[in-house]
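K.L.:
This is the structure I want to talk about, given as structure tokens.
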Amino acid sequence: MKASNTVKKILANYEGETPGVKAKLCQMLMSGRLKGTGKMIILPVDQGFEHGPARTYAPNPAAYDPHYHYQLAIDAGLNAFAAPLGLLEAGADTFAGQIPTILKLNSANSLMSDTAGKNQAITGSVEDALRLGCSAIGFTIYPGSDMALDMFEEITEMRREAAALGIATVIWSYPRGEAISKDGETAVDIAAYAAQIAALLGAHIIKIKLSTDHLELKEAKKVFQEQKIDVSTQAARVAECMRSSFAGRRLVVFSGGAKKGEDSIYDDARAIRDGGGNGSIIGRNSFQRERGEALAMFDKLVDIYKGRD
Amino acid sequence: MKASNTVKKILANYEGETPGVKAKLCQMLMSGRLKGTGKMIILPVDQGFEHGPARTYAPNPAAYDPHYHYQLAIDAGLNAFAAPLGLLEAGADTFAGQIPTILKLNSANSLMSDTAGKNQAITGSVEDALRLGCSAIGFTIYPGSDMALDMFEEITEMRREAAALGIATVIWSYPRGEAISKDGETAVDIAAYAAQIAALLGAHIIKIKLSTDHLELKEAKKVFQEQKIDVSTQAARVAECMRSSFAGRRLVVFSGGAKKGEDSIYDDARAIRDGGGNGSIIGRNSFQRERGEALAMFDKLVDIYKGRD
Amino acid sequence: MKASNTVKKILANYEGETPGVKAKLCQMLMSGRLKGTGKMIILPVDQGFEHGPARTYAPNPAAYDPHYHYQLAIDAGLNAFAAPLGLLEAGADTFAGQIPTILKLNSANSLMSDTAGKNQAITGSVEDALRLGCSAIGFTIYPGSDMALDMFEEITEMRREAAALGIATVIWSYPRGEAISKDGETAVDIAAYAAQIAALLGAHIIKIKLSTDHLELKEAKKVFQEQKIDVSTQAARVAECMRSSFAGRRLVVFSGGAKKGEDSIYDDARAIRDGGGNGSIIGRNSFQRERGEALAMFDKLVDIYKGRD
Amino acid sequence: MKASNTVKKILANYEGETPGVKAKLCQMLMSGRLKGTGKMIILPVDQGFEHGPARTYAPNPAAYDPHYHYQLAIDAGLNAFAAPLGLLEAGADTFAGQIPTILKLNSANSLMSDTAGKNQAITGSVEDALRLGCSAIGFTIYPGSDMALDMFEEITEMRREAAALGIATVIWSYPRGEAISKDGETAVDIAAYAAQIAALLGAHIIKIKLSTDHLELKEAKKVFQEQKIDVSTQAARVAECMRSSFAGRRLVVFSGGAKKGEDSIYDDARAIRDGGGNGSIIGRNSFQRERGEALAMFDKLVDIYKGRD
Amino acid sequence: MKASNTVKKILANYEGETPGVKAKLCQMLMSGRLKGTGKMIILPVDQGFEHGPARTYAPNPAAYDPHYHYQLAIDAGLNAFAAPLGLLEAGADTFAGQIPTILKLNSANSLMSDTAGKNQAITGSVEDALRLGCSAIGFTIYPGSDMALDMFEEITEMRREAAALGIATVIWSYPRGEAISKDGETAVDIAAYAAQIAALLGAHIIKIKLSTDHLELKEAKKVFQEQKIDVSTQAARVAECMRSSFAGRRLVVFSGGAKKGEDSIYDDARAIRDGGGNGSIIGRNSFQRERGEALAMFDKLVDIYKGRD
């Protein structure tokens, strides 16, 4: 697999990183229909843990079966497929080598009381990722939670272990918790801060949410206004998040959230592209649609990221 | 021991799993009077820890002796016998090799105040399971408890260690705790969620409770109703739990709870069978009966699972 | 040292246990004046930690010196001497090999506020027990305390380590804490439950307190009454505790508590004997008496356990 | 690199330290335009973690790029560049060997509620410092926080590991938390105490804040007044901090805080110099200025430390 | 170095201890002007951590320099010098081999709020003690604190590690915390209890405070009165503490507390001597005096312990 010049340039940003990690990044960037473009679309399926099976799969019952997701990601020509241990194992033989996989190493669930705090359980290991032939580990942090320091420490250790063994790290940086308001969870200053934290923790690929023009932190708001940072469009906000990811030296993909209309998804993708983002990570918006619709949607997204739409 | 085609098909679902684990699953599925059918009946005896000795054994005093349970499970032709460390050791020599055993690695007790939280103590290790020649480890999780994340992390580590050493993992997924109402503990949405969590954690065999048609979580209830998921019969509810166990790719056995009438037990077994479940795990309903009665009951259950009743 | 048939029969109950552990149990059962009878008298001296030195030793000032206790246990022909690290070390050379010793691995103290919870500190290790030539480790659990799960986990690990290295485990199972009333601490249902927990945790020798006819737990009380379990005499209560120790497959010794009249001590011993218990563990009732009196008391106890009184 | 006599004298104070650590201290003291003088200027860039990207970099947008900081530190002829893992890695290849680097091993952030306590997350390891060719690790402690004991223990372990591997340790000793008032955070008695704690913990280089003449602790205030310790000038206060750093046997650098006027910065440096301090650690006051201005400021600071201004 | 008969007799009390530990005890007992007498004077300098630098050193500014303390202890002919890691390292080369040293492994500080609890941070390791050529490790426990169990467990592990490596253990047993009143901290029953706990934890040298005739614990008070334990003089109270240290089988040194008049110090030493104690540990009362005065004071103390005064 010869890397494209675009990909080579991206890889060069990962200075001092092990050849193993670079090879895994290369593998993901050179897979699927966006190969060589530096853009990525990833299918994540961890919502069964977070929201329960019926909410996740019942809208498209074929999705109860782990094989469905592997096949969807392969047929759609995506860059990678991400899931927790059990789900990844359930297709590990059948689809071995057909698509890069990301083992999600921690998991949230909806059966937690308020007193339990905002946190996730570690439900896999780097060793599992090696055994299953994964390209990367995935890990969620909750900046803003009282448990955030613990989560930072967990991924710091796992990242080190993974990198030494030639596995890349994807950080889901999702602000929430005691220090942040509901609106703040998607505020642009918070989104950019979440990207910065993930970058500083050594993430190779950063996953954040698209943001609103809300500014959550008083001190940050002052600076955004003084320095006239443009947050009026989604593309502008993506651009601020990319700057906050080491001036674009890190791959950043954006998530779409709950299921919504297709036009809205395409608008999001154009904004990501125009703001300099590296792509989309789309779960419920794909597998909760009927398979044909989902494949058509991915076709269109590929076109958008290739700049044809 | 030649595996039946049914068993081979089941084993094929455990993709990427070590041959050692598959051998242990095969051993349990090819033991006893249900061998080769893909159905299982397991005798669990951990109630002495959870409820104390008198409540557990006094109704049938012969049951104070650990040997009684080994012999009952062997004579009834069950697939496996599950118990905590001390109890398993008390017959480890006498009955070595006569029935597959499952070492229960954590244990609850009734001597805990409300402030202690819902949790269990780890009272054994994978190393103990190896030493005692066990086929599997057993572990209880309490989705819904504020301690649930810790329990998930504990079994994640133990499962990894066990699988690497060729030992299978059975997860008792019993929802309870701060986030769940009393009715919710047996609600069908919660039962299916509990099965999904166990599957995602990598359980090879999932043990859940039979459920009611109650729907606990508001968001889940909406989906159950919109998608018209049938929860009107026990068999239908078992089917939803099987779908939630990777569309039936995982073995699921159902527990019976406190001692009750025989007819009710047989109705449960028929519902498990008709809903696609893999069998029963029956403790107090067997060993709190006189031995002759218990053996007759197991006979009948075998018939039901073989489809003869 | 040829084991008696009685001892051989007892050892056979420790199925699957390492020869090293069996050798240590044999050593204790074949030591002292009760050798070969399957009965045991043990001298425990950990009250200096729990109650302070003056309360413990001042009634018989010779007892401030660790050598006093070694010599007393040897001269009385007891089966074993149990103490915390520092005390055991203080006579480790002088008395090496003259009496089996039990290293108490955790210790309570009276200088704890209510908010500190009911717990003990780990004040020794299996490695120390090996180095000091001990026959067993000793460990206290507090069923009923909010710290009980932690204590169960600690002894589970230490027991495993000890057994693998050929050292036996004695569990002091002393119910107390948030979940139990003052009367409940000595209730017969609780005492039997405490014995069952110790047995399930893998104790080789179980140490519990003699109990009253109080029944603490509502659910247990119902069963005791329905099944007509006799709790009217101390011997009957000892018998229920022995049943709860795997139908007598485990050695159980009973403790005497605070200093009291000699007749009461002898009555206790007869009840232990008649109920099928394995012996006494007597601390303050021996060393707080003048040495001559204490030796005479032990003489009498030996006679009782030999069935001569 | 031949060490100057001044540097040799400083190194001699690190008695019993490994040659590897001394070599790293020598490397930092013999780098840049202050080489050989025993004075140091260090550029720290960890504010992106602590305050977020916009507040940190937007005033000088070129600073969003990690390369900017490496280049600034090199061009200004500083002694060392300090940053967290991700940022240091982002230029690790390009600038390898061009300037001594300090890997900041723990990181604060502004997204923490009051209930989360005053603490930082460990976001790197000594192993990372070795791999990246760093001269030292950096670690922040918060004397006065309820988490302080934990932080002391963390750096104690990391320092030991680092020193054994030939890497020096810089401790950022920043008083804050439950036990200290806002004014107290910069009180001179507290600053000197913070220096003493860092020295006792084994710091090779101590980083504290410049202080005010406020005296926070009643008992300390009494002594300052009785012993007539001069706290009337910044230089006098620096001198008390140097005395508290083992009578000047440890290197101490002082930080400047939020961006402020240049004159104020130069006055600070003169006070540090005149009080016997070893230099400045200047972050926001340099990189939030336009590059030309920042370089001019560093020129001036070098002159001051060389005694030419 | 030929040990005196007195010292040989003391060493014989450390039964079963490693030759390495005995050698270190011998080294301390055979050092300085009290060599061979079985008496000891130790200089501890950890007050800079506990009270801050000004309160500790400003009364005698030469004491800011770690070398001052080494030199004082050597010139006064003391048995040992105790200090935390950083301070000990600061003279480790210059004074190597000139006086036995004790590395204090945990440290308190005055910058802790009430909610932080009574505890110390571990600020060194056995490995550090080895590297620095120390004779012993030192560790403070706070019997009576809600953190006491943790502290007991910490020193249990460190003692084991140290003894295996041939290093002795000194325990500072200082009652304080939630379970003890202010008067109780120096009550004689509590002081004796503190000595007993240290002895049971395996301390080779026990450091406690001189006590008052106050009796803190109701149950203990009853026994002191019933048994007519003499607490009317300091010597009598020292004697009770020595009895509580395994009837004098352990070395016990007594501390002097805050700076006070010389006569009072000499009275204390006579009481220690007459009560059978092994010596003094004197920090602030020595180094806060002018050097000449301090040396004269030590002269006088040596005379007292030699029985000449």
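K.L.:
How many residues does region C:17-34 contain that are in contact with a Leu (Cβ under 6 Å, 6 or more places away or on another chain) and part of a loop (DSSP other than H, G, I, E, B)?
P.N.:
Counting residues in region C:17-34 that are in contact with a Leu (Cβ under 6 Å, 6 or more places away or on another chain) and part of a loop (DSSP other than H, G, I, E, B) gives 1.
K.L.:
Then there's this: Quickly run through region D:210-226 and pick out the residues that are of a type outside the set (Ser, Thr, Tyr), away from chain E (no Cβ under 13 Å) and free of Cβ contacts under 8 Å to residues at least 60 places away in the same chain.
P.N.:
D:ASP213, D:HIS214
K.L.:
In region D:177-189, which residues are buried (at least 19 other Cβ atoms within 10 Å of the Cβ) and touching a helix residue (DSSP H, G or I) at 6+ places or on another chain (Cβ under 8 Å)?
P.N.:
Answer for region D:177-189, where residues must be buried (at least 19 other Cβ atoms within 10 Å of the Cβ) and touching a helix residue (DSSP H, G or I) at 6+ places or on another chain (Cβ under 8 Å): D:GLY177, D:ALA179, D:ILE180, D:GLY184, D:VAL188, D:ASP189.
K.L.:
While we're looking at this one, here's another question. E:LYS39: touching a strand residue (DSSP E or B) at 6+ places or on another chain (Cβ under 8 Å) and among the charged types (D, E, K, R), yes or no?
P.N.:
Judged against the criteria, E:LYS39 is a match.
K.L.:
Can you confirm whether region E:195-209 contains a residue that is over 22 Å from E:GLN120 (Cβ atoms), surrounded by 21 or more Cβ atoms within 10 Å (Cβ to Cβ) and more than 7 Å from chain C (Cβ to nearest Cβ)?
P.N.:
Among the residues of region E:195-209, not one is over 22 Å from E:GLN120 (Cβ atoms), surrounded by 21 or more Cβ atoms within 10 Å (Cβ to Cβ) and more than 7 Å from chain C (Cβ to nearest Cβ), which makes the answer no.
K.L.:
Hey, another quick one. Since A:PRO53 meets every condition but one in (1) more than 10 Å from chain B (Cβ to nearest Cβ); (2) touching a helix residue (DSSP H, G or I) at 6+ places or on another chain (Cβ under 8 Å); (3) over 19 Å from A:LEU201 (Cα atoms), which condition does it not meet?
P.N.:
It is condition (1) that A:PRO53 fails.
K.L.:
Which of the residues spanning region C:164-173 are touching a helix residue (DSSP H, G or I) at 6+ places or on another chain (Cβ under 8 Å) and crowded, with 24+ Cβ neighbours inside 10 Å?
P.N.:
Within region C:164-173, C:ILE167, C:ALA168, C:THR169, C:ILE171, C:SER173 meet the criteria.
K.L.:
Further question on the same structure: So which residues in region B:191-219 are among the hydrophobic types (A, V, I, L, M, F, W, C) and within 19 Å of B:GLY276 (Cβ to Cβ), if there are any at all? Outline the logic, then answer.
P.N.:
So the first thing to find is which residues in region B:191-219 are among the hydrophobic types (A, V, I, L, M, F, W, C), and the list is B:191-192, B:194-195, B:197-201, B:203, B:205-206, B:208, B:210, B:215, B:217.
Once the filter is applied, which keeps residues that are among the hydrophobic types (A, V, I, L, M, F, W, C) and within 19 Å of B:GLY276 (Cβ to Cβ), region B:191-219 yields B:ALA191, B:ALA192, B:ALA194, B:ALA195, B:ALA198, B:ALA199, B:ALA203, B:ILE205, B:ILE206, B:ILE208, B:LEU210.
K.L.:
To continue, here is another question. Pairs, please: C-beta under 9 Å, at least 6 apart or cross-chain, first residue within 17 Å of D:LEU72 (Cβ to Cβ) and in region D:44-59, second open to solvent by 20 Å² or more (accessible area, probe 1.4 Å) and acidic (Asp, Glu)?
P.N.:
Filtered contacts from region D:44-59: D:THR56/D:GLU50; D:TYR57/D:ASP65; D:ALA58/A:GLU226; D:PRO59/A:GLU226.
K.L.:
Taking region C:13-34 on its own, how many of its residues are basic (Lys, Arg) and crowded, with 22+ Cβ neighbours inside 10 Å?
P.N.:
Final tally of qualifying residues: 1.
K.L.:
Within region B:132-152, is there a residue that is open to solvent by 30 Å² or more (accessible area, probe 1.4 Å) and closer than 28 Å to B:PRO100 by Cα?
P.N.:
Yes; the residues of region B:132-152 include at least one that is open to solvent by 30 Å² or more (accessible area, probe 1.4 Å) and closer than 28 Å to B:PRO100 by Cα.
K.L.:
For region D:147-170, what are the residues that are more than 8 Å from every other protein chain (Cβ to nearest Cβ) and of a type in the set (Ser, Thr, Tyr)?
P.N.:
Within region D:147-170, just D:THR169 meets the criteria.
K.L.:
Which ranges mark the helices (runs of 4 or more DSSP H) fully within region B:35-98 that have 1 or more residues being surrounded by fewer than 19 Cβ atoms within 10 Å (Cβ to Cβ)?
P.N.:
Counting at least 1 such residues, we get B:47-51, B:66-75.
K.L.:
Which of the residues spanning region B:232-248 are facing another protein chain (nearest Cβ under 10 Å) and open to solvent by less than 70 Å² (accessible area, probe 1.4 Å)?
P.N.:
Narrowing region B:232-248 to residues facing another protein chain (nearest Cβ under 10 Å): B:240-248.
Correct list: B:GLU240, B:CYS241, B:MET242, B:SER244, B:SER245, B:PHE246, B:ALA247, B:GLY248.
K.L.:
Can you find a residue in region C:19-31 that is more than 8 Å from chain E (Cβ to nearest Cβ), in contact with a helix residue (DSSP H, G or I) (Cβ under 6 Å, 6 or more places away or on another chain) and closer than 30 Å to E:PRO175 by Cβ?
P.N.:
no
K.L.:
Among the candidates E:LEU111, E:LEU103, which residue alone is in a strand (DSSP E or B) and either within 14 Å of chain D (Cβ to nearest Cβ) or open to solvent by 10 Å² or more (accessible area, probe 1.4 Å) (or both)?
P.N.:
Numbers: E:LEU111 fails: in a strand (DSSP E or B).
Result: E:LEU103 is the single residue among E:LEU111, E:LEU103 that is in a strand (DSSP E or B) and either within 14 Å of chain D (Cβ to nearest Cβ) or open to solvent by 10 Å² or more (accessible area, probe 1.4 Å) (or both).
K.L.:
Looking at (1) within 9 Å of another protein chain (Cβ to nearest Cβ); (2) over 20 Å from A:HIS51 (Cβ atoms), can you tell me which one B:GLY177 breaks?
P.N.:
In the conditions (1) within 9 Å of another protein chain (Cβ to nearest Cβ); (2) over 20 Å from A:HIS51 (Cβ atoms), B:GLY177 misses (2) alone.
The values are calculated or read from the model by the stated rules, or taken from the named source; none is laboratory data. Here the structure is a predicted model, which means the values were calculated and not measured. No Cβ is skipped: glycine too gets one built from the backbone with ideal geometry, and neighbour counts run over all protein chains shown. In case anyone asks, the SASA skips ligands and DNA or RNA and just uses the protein heavy atoms, side chains included. Shrake-Rupley method; radii C 1.70, N 1.55, O 1.52, S 1.80 Å.
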